[in-house]
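Below: one structure, written as structure tokens.
The values are calculated or read from the model by the stated rules, or taken from the named source; none is laboratory data. Quick caveat, the model's predicted, so the values are computed rather than measured. Heavy atoms of the whole protein, side chains included, go into the accessibility calculation; ligands, DNA and RNA do not. Shrake-Rupley method; radii C 1.70, N 1.55, O 1.52, S 1.80 Å.
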Amino acid sequence: MLIRKATEGDLKQIMDIYQTARRFMEETGNASQWSNGYPSYSLLASDIDREHLYVCVVAGEIVGVFALMAGPDPTYAIIEGRFRCEDDYGVIHRLASNGRTKNIAKACFDFCRQRYAYLRIDTHRDNQGMQVILKNMVLRNAV
């Protein structure tokens with residue numbers, strides 16, 4: 001799997017992937033996390049302009065997408081509890097796949113770990129699928 005920065009030419013395929021992800025979330029009890037067309041075309045175009053949006057490509061097809069940016073992230077300014085570490089970190093947002101390709105999350109996390117020693121990612125309380133992925137990634141990497 002190749003991971004590269006997204007380009008404007010990728011936006012139609014990226015929007016299709018997010019539409020697939022929204023449908024999947026609705027079908028699995030998470031209808032409110034990415035409602036009303038989130039993430040929007042303009043947000044994704046902005047991510048591309050700022051070089052924050054990445055695509056996962058297999059055999060020339062975009063099969064996954066995520067945003068990766070350097071912290072600090074205002075999303076985490078106020079949280080319940082605290083983080084294990086306050087070192088410099090990268091933030092993963094809006095991870096999604098085409099629903100057919102396996103290991104998108106693992107490829108994303110491996111790619112991001114090569115760039116940041118510490119990562120932050122969160123998800124909606126109703127996003128059980130992503131919660132399982134995150135728990136498995138934490139357990140796999142706990143030493």
Tell me, what is the 1.4 Å probe accessible area of residue 75, in Å² to the nearest 10?
70
Top to bottom by accessible area (1.4 Å), largest first, where do 95, 2, 43 land?
2, 43, 95
Rank these by accessible area, largest first, 1.4 Å probe: 22, 113, 82, 50.
82, 50, 113, 22
Sorting 26, 61, 80, 86 on solvent-accessible surface, 1.4 Å probe, most exposed first, gives 80, 86, 26, 61
Relative contact order of segment 1-85, please, whole-number percent, based on alpha carbon pairs below 8 angstrom and at least 6 residues apart.
36
For segment 1-47 and segment 54-117, write down the distance between their C-alpha centroids in whole Å.
14
Rounded accessible area of residue 46 (nearest 10 Å², 1.4 Å probe):
40
